[in-house]
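The structure under discussion appears below in the form of structure tokens.
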């Protein structure tokens with residue numbers, strides 16, 4: 001390099017450094033001036049003209065309340081919130097498991113753990129699954145696309161468990177993909193033919209759910225979706241109505257007749273019922289066990305759906321942790337806990353949650369929204385950042401056509417497999433070898449209302465040997 005070129009390079013370098021320093025100086029000064037001006041405005045403006053009023057309002061009303069207030073003001077009708085309540089209910093997070101070390105010895109690593117579950121033990125054809133978790137009922141059409149439903153069925157099959165149809169139209173493709181399929185017998189008029197009922201491995205009569213209570217609602221089918229119109233059995237532009245009550249159960253005393261009817265069509269498979277957990281939980285269960293059901297699904301207040309009124313999600317129902325315990329106690333006192341299976345549902349998201357509801361007395365758990373996260377995994381990147389991730393799985397999602405079934409099924413399978421292995425580790429950590437051995441004595445609480453409500457010790461309570 002000659003001296004002339006070296007000189008130019010030096011000049012360019014000095015100019016770059018000086019330019020950077022100038023930009024840095026001016027930028028810092030501008031930033032300082034803006035911040036100083038904003039701070040001065042906030043410190044001197046009257047409160048009703050002060051931008052800090054917004055901060056104060058958000059602190060009081062929360063962004064959730066402000067956003068939903070604006071949506072109500074915009075729509076002028078009931079707003080439909082997806083994926084459940086943002087409220088923090090008393091929950092499973094306030095429960096912890098014991099640790100086996102010396103007083104109780106842990107189970108050796110090489111010892112297998114029995115995770116097999118039988119639902120409907122008194123049936124000739126019970127539902128047998130390889131792990132204590134199933135895919136909850138999520139409706140085709142009213143919520144999920146056919147691709148998403150088939151992927152859920154395939155993933156559940158790979159994991160050795162069952163999936164639930166939900167309240168939407170029956171999908172032959174879902175039936176084909178699912179080794180074990182639970183038919184949700186809804187409060188509408190569809191999926192009621194003998195041909196459909198005969199294809200079920202279990203039937204779940206839906207009387208209500210945690211996110212909607214026992215209310216009815218309408219599924220707007222639209223004018224151009226011929227496939228959904230045919231599935232729901234409604235005419236052009238008509239709504240598919242899910243009634244508040246079953247037409248076949250005008251009074252709870254009619255439940256035995258419906259259960260007998262379903263068994264006469266499908267054979268002696270498990271026929272159960274799904275209810276949202278309320279104040280009169282035991283009263284609802286009394287009618288169900290007298291009706292001859294083989295299992296009861298209890299949906300806690302934290303449960304989610306594609307869309308329901310926030311008031312039903314936030315202000316109705318019993319949280320899952322109390323609902324499961326009460327339901328299990330009811331069956332135990334009736335001497336039915338080995339005859340009527342109990343399925344827990346409602347914000348059950350982790351292997352720890354699953355094992356906790358089993359310890360409280362459930363035989364198995366449903367997972368809903370969290371299974372969609374596992375199913376969609378990296379496929380949500382097709383919708384982000386400009387659309388919500390659920391747009392890849394909703395029936396009317398903008399990216400539902402780009403969802404890959406095989407990939408989704410594999411991701412759900414891996415998630416369920418991971419959950420099963422973690423649950424096995426948890427059982428060994430308790431010094432046990434089977435899920436049936438896990439019970440409420442293995443738990444203690446971090447929260448006094450939880451401890452009192454469940455009748456278990458607090459974390460600070462010393463252990464006193466008998």
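The values are calculated or read from the model by the stated rules, or taken from the named source; none is laboratory data. What you are looking at is a predicted structure, and each value in this text was computed from that prediction instead of being measured. Neighbour counts are summed over all protein chains in view; Cβ atoms, including those assigned to glycine, are modelled from backbone coordinates with ideal geometry.
For residue 188, the requirement of being in contact with a strand residue (DSSP E or B) (Cβ under 8 Å, 6 or more places away or on another chain), assigned to a loop (DSSP other than H, G, I, E, B) and either surrounded by 21 or more Cβ atoms within 10 Å (Cβ to Cβ) or touching a residue at least 60 places away in the same chain (Cβ under 8 Å) (or both) is met.
Kindly provide the set of residues from region 373-394 that are part of a loop (DSSP other than H, G, I, E, B) and either surrounded by 18 or more Cβ atoms within 10 Å (Cβ to Cβ) or touching a strand residue (DSSP E or B) at 6+ places or on another chain (Cβ under 8 Å) (or both), ordered by number.
383, 393
Every condition in (1) more than 22 Å from residue 94 (Cα to Cα); (2) at pLDDT below 95; (3) surrounded by fewer than 24 Cβ atoms within 10 Å (Cβ to Cβ) is met by residue 370 except one, and the failing one is (1).
Evaluation of residue 22 against the conditions (1) at pLDDT 65 or above; (2) assigned to a helix (DSSP H, G or I) shows that the sole unmet condition is (1).
Being modelled with pLDDT of 90 or more, surrounded by 13 or more Cβ atoms within 10 Å (Cβ to Cβ) and farther than 30 Å from residue 130 by Cβ holds for only one residue in 204, 248, and it is 248. Assess whether residue 344 counts as being crowded, with 20+ Cβ neighbours inside 10 Å, in a loop (DSSP other than H, G, I, E, B) and under 16 Å from the mean Cα position of the chain (by Cα). No; evaluated as a whole, the condition is false for this residue.
When 166, 141 are checked against the criterion of being more than 13 Å from residue 412 (Cβ to Cβ), in contact with a helix residue (DSSP H, G or I) (Cβ under 9 Å, 6 or more places away or on another chain) and without any contact (Cβ under 8 Å) to a residue 40 or more places away in the chain, 166 stands alone in meeting it. Among all positions in region 268-277, there is at least one residue which is touching a helix residue (DSSP H, G or I) at 6+ places or on another chain (Cβ under 8 Å), modelled with pLDDT of 90 or more and in a loop (DSSP other than H, G, I, E, B).
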